[in-house]
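The values are calculated or read from the model by the stated rules, or taken from the named source; none is laboratory data. None of the values given here were measured: they were computed from a predicted structure. Note that each Cβ is placed from the backbone with ideal geometry, even for glycine, and that neighbours are counted across all protein chains shown. In case anyone asks, the SASA skips ligands and DNA or RNA and just uses the protein heavy atoms, side chains included. Shrake-Rupley method; radii C 1.70, N 1.55, O 1.52, S 1.80 Å.
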Amino acid sequence: MQFRIEVNRHDNAWRIEITNVTKGEALLDAEGNSVTRILECVGEKLSAFPQPPGKVAEKITDTPDNPHRELCVTKDPQVIKKVYDKYVQRDGEDVVKFGRYLFATLLGDDVWKAINDTAGNHPVELALTWKDDNVINRLPWEMMHNGKRFLAEEPEVAITRRVAGTTQTLAELASPRVLFVVGSALNQDVIKPGAEYLSLLRSLTIGARRRLKTHLLLEASPKRLKAAVEFFRPTVVHLICHGIANVEQEIFLQLRSDDGNGDESVTADALLRMLKPKVPEVVILNACYTASQTELYTKSGQAALPIAAKLVAGDGVDPGVPIVVGMAGQIADQPCRLFTRCFYQAILEGREVSHAAADGSIAAIDGTPCD
C-alpha cells in the first residue's frame, strides 16, 4: 500500500500532507481527520533543518530511550548540524539519535501507527516527494528510526523518493531483461564487478517463477552502451561503475572512453541519451553518491538534483526512467553483491520493484543474504 508523503515549503516552515495513494484518499488520524504536519525551520540555507510540530516535540521525554529530544526542540541549528555531520562522516556514534530525530520530524509515533493500522497486513511504501528543496532532499530520510529499528530494516516497508511532477508508475517486471554494464574489466577495480555479477547468477533460486535474461557489457564506453541498449532492448540497465565528483562536487558516472585510452565522465543527461529511444523500466546505479544531494545550485538558483533523480525527471522533452535505484554515499563490494542478489531474487518472485529494492537494502544493511 503506497502512502505519498508530500512536503511543501511555506515561508519558514514546511507543510506535510499524507495521501493513501492505493485508496485515493488522505490518511486519517485516530480522530478521523486528515493527517497534516507543520515543521518549523531552524537555521538558514545549508545549515537549516526541520523540526517536528511543537506538540509532538513536547511529548518527547528526555530519557536514554529518547536521545533525540534535544534535536527536536533546539533553536540552534548547529546542535542538529553537529550530529548530521557525524552521519555524513560515517561516524556511527549518533546514527540512531539522528534517525530518531528524522522519524519524529517527518512521521512521529501517531502518524506511523495510523499508516500501519490503515495498511493492515499489506506491504507499505512511503513515497517521499518535494520540489526543488535541497534542505529536505539532503537529509537521509531512509535512516528514520522508530525506536526499535530503522524503518529501512522493517519487513515489508519500502522508502522511495518520487520526483515532483512525475506520474510514471511501475509495479513489477513481467519479463526482466537485464543489461549489466561494467565500467571496467571483470578482474580489476575495487568494485570487483565480476564477483557481483557471477555471484548473482549463482545464487538465484532454481525454483523461481521467472528467469532473468541477461547480457553483460564489459569495459563499457558511451558508444558501446548505446549499441547494447539498441541490440538487447533491456527492461533493466544495471550499471556497475564509479561515481566520481569534479572540483565543484558535481557527481558523474565513470565509463571507459570510446577510444579505449582512458575513462570518460558521463552526466545524467548523457546517460539518458544512451538509453533512448526506449528507456528501460528500471536503472540500477551501483556507483558511489548517485543518490546523494550535492550542495550545487543550477543557474536558476534551484538545487542540483542527484543523478538518480535527474534520470527520473527526464530531459524536459521526453519522460525519464520510471524507477532508478541509486546509492547514497560510498559503497563497498559486499553490500553491493548482497543488494544485487536479493533485489533480483525478489523480482523473480514477483515482488513489486520498490519492495524488491527494500529487500536488497535490508540485506546490504544487515550484511546477511536473503532467504
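Things to note:
- Residue, farthest from the chain's Cα centre (by Cα), within the range 102-112, restricted to residues that are under 17 Å from Leu128 (Cα atoms) and not hydrophobic (A, V, I, L, M, F, W, C): Gly108
- Scanning the range 38-82 for residues that are at positive phi and either surrounded by 18 or more Cβ atoms within 10 Å (Cβ to Cβ) or modelled with pLDDT of 80 or more (or both) yields a total of 1.
- Test: residue in the range 269-287 that is acidic (Asp, Glu), modelled with pLDDT of 75 or more and exposed (fewer than 15 other Cβ atoms within 10 Å of the Cβ): yes
- Residue in the range 350-366 that is modelled with pLDDT under 70 and in contact with a Pro (Cβ under 9 Å, 6 or more places away or on another chain) present: yes
- Unmet requirement for Asp258, which otherwise passes all of (1) open to solvent by 20 Å² or more (accessible area, probe 1.4 Å); (2) at pLDDT 75 or above; (3) touching a Ser or Thr at 6+ places or on another chain (Cβ under 8 Å); (4) in a helix (DSSP H, G or I): (4)
- Number of positions in the range 210-231 that are part of a loop (DSSP other than H, G, I, E, B) and hydroxyl-bearing (Ser, Thr, Tyr): 1
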